[in-house]
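Data first, discussion second: the structure below is written as structure tokens.
Bear in mind these aren't lab numbers, they're just calculated from the coordinates by the rules spelled out. These figures come from a predicted structure and were not determined experimentally. Here the Cβ positions follow ideal geometry from the backbone for every residue, glycine too, while neighbour counts run over all protein chains shown.
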Amino acid sequence: MKSHDAIVIGGGPAGIAAAMYLARSSCSVLLCEQLTPGGQVLMTDSLENYPGYPKGIKGYELADLFVAHLENLPVDRVTGAVDSVTGAAGKFVVRCAGHEYAGKTVLACAGARHRALGLDREDALRGRGVSYCALCDGNFFRGQVVAVVGGGNSALEETLYLSKIAGKVYLIHRRELFRGTKTFLERLKATGNVAILPNTIIVELHGDPGLTGLTLRNVQSGEERHLPVDGLFVYVGLEPATGFLPAELQRDGQGFILTDTEMRTNIPGIFAAGDIRSKLCRQVITAAGDGATAAQAAFIFLEQL
Ligand code: NAP
């Protein structure tokens with residue numbers, strides 16, 4: 001089995017940056033990507049906060065640029081889900097799509113997925129009115145009534161996106177104050193077909209086989225009411241994709257991987273970068289920065305191995 005200097009798991013901005021930096025340092029690199037490179041960028045309509053694009057850039061366009069850049073470099077690639085990482089520094093074994101690959105270091109850049117609300121019937125209604133991706137599913141609700149739940153940047157941004165497609169969008173948030181950026185919130189307040197429902201939680205999903213409405217509860221008054229909707233978009237935070245990593249890898253209370261500032265984990269030779277790791281700011285640019293740092297730390301580690 002050929003051994004690579006580094007196996008990068010995940011083809012989002014962190015993984016692509018890590019693979020690029022390693023390849024440019026003459027390390028042999030294998031990049032394992034589950035589906036298509038780009039990660040969450042591909043599920044983002046447009047980015048307004050990526051430096052160098054004053055007018056913004058579409059998510060798919062940025063992903064295409066990342067891939068084009070990667071294709072200029074000697075990076076081996078395999079498509080498939082990684083099942084496990086075993087072994088130790090210098091001789092890790094990564095199982096991906098039924099094959100085993102040997103690597104001296106592993107860079108975990110698999111990102112995070114949108115969390116579910118955890119309501120009864122949420123699973124049954126997934127794809128039948130309940131969605132976790134406005135860009136993928138928004139078009140099914142053209143001119144209809146939809147709700148978005150959450151108070152972070154994802155919820156705010158996706159509400160803005162949906163307001164251009166749906167007839168009416170309710171933004172449901174469990175608190176008065178929003179976690180997301182003020183710019184997005186101000187823009188939402190000025191959008192005619194958006195109604196913001198703060199201090200509100202969803203207690204029940206209705207409809208069989210498809211979603212028809214929600215029972216909402218005001219957390220201050222306790223009052224409940226029925227809200228008829230055709231769709232619900234859930235943006236209540238992220239959960240890291242770490243199931244394939246060793247159990248001994250230290251994580252924070254929410255399961256994100258703990259690293260030092262050089263992206264080193266508690267297991268020598270395993271580095272983590274991007275949304276998968278415990279950190280304050282989850283942005284494309286910070287993911288790419290993490291990837292570059294992890295690559296540099298892995299390069300130094302390889303020299304000392
Ligand atoms: P987030 O920032 O963690 O926000 C999750 C939101 O969901 C919070 O408002 C939270 O409420 C709410 N929530 C959590 N559990 C809930 C539940 N069970 N029921 C109802 N509401 C619940 O997650 P995110 O918006 O997905 O963003 C993830 C990261 O990506 C963040 O760092 C974000 O800044 C970044 N991001 C950036 C951009 C951008 O800059 N353009 C776009 C998207 C995402 P509380 O506030 O009450 O906790």
Query raised in the report: GNM on the chain, C-alpha springs below 10 Å: top fluctuator among GLY289, GLY207, GLY12?
Result: GLY207
Query raised in the report: If you take every DSSP beta bridge whose two residues both sit in segment 116-234, what share of them, in percent to the nearest 5, is antiparallel?
Result: 40 percent
Report task. Springs between alpha-carbon atoms under 10 Å, Gaussian network over the chain: tell me which of LEU119, LEU73, LEU216 tops the mean-square fluctuations. Result -> LEU119
Report summary line: The farthest towards the positive end of the charge dipole of segment 116-234, of the residues HIS206, SER131, SER163, given +1 on Cβ of Lys and Arg and -1 on Cβ of Asp and Glu, is SER163
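What shape does segment 116-234 take by its C-alpha gyration tensor, where a ≥ b ≥ c are the square roots of the eigenvalues and a/c under 1.5 counts as rounded, a/b above b/c as prolate, and the rest as oblate?
Since a/c reaches 1.5 but b/c is at least a/b, the shape of segment 116-234 is classed as oblate.
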Query raised in the report: Count of lysine pairs in the chain with Cα atoms under 27 Å apart, counting only pairs 8 or more residues apart in sequence or on different chains?
Result: 18
Query - Linear extension gain, ASP120 paired with THR181, 0.36 nm per residue minus alpha-carbon span - result: 18.9 nm
Query raised in the report: Which residue, chosen from ALA112, SER26, LEU232, occupies the Cα position most advanced towards the positive end of the dipole of the chain, where the dipole is computed from +1 (Lys, Arg) and -1 (Asp, Glu) charges on Cβ about the Cα centre?
Result: LEU232
Query raised in the report: Can you give the angle from 0 to 90° between the axis of helix 284-304 and the longest principal axis of the chain, with both taken from C-alpha atoms, to the nearest 10?
Result: 20 degrees
Query raised in the report: Does anyone have the angle between helix 13-24 and the longest principal axis of the chain? Alpha-carbon axes, 0 to 90°, nearest 10?
Result: 20 degrees
Query raised in the report: For the chain, what is the charge dipole size about the Cα centre, in debye to the nearest 20, if Lys and Arg each add +1 at the Cβ and Asp and Glu each add -1 at the Cβ?
Result: 380 debye
Query - Counted charge near CYS109, where neighbours are those whose Cβ lies closer than 12 Å (Asp, Glu -1; Lys, Arg +1) - result: -2
Report summary line: Largest fluctuation, ILE276, ILE165, ILE257 only, Gaussian network model of the chain with Cα springs under 10 angstrom, belongs to ILE165
Report summary line: Highest mean packing first, using Cβ neighbours within 10 angstrom, the peptides 131-137, 76-82 sort as 131-137, 76-82
**Report entry** the chain: translational diffusion in µm²/s, Stokes-Einstein, Kirkwood Rh over Cα pairs, 20 °C, 1.002 mPa s
**Finding:** 105 µm²/s
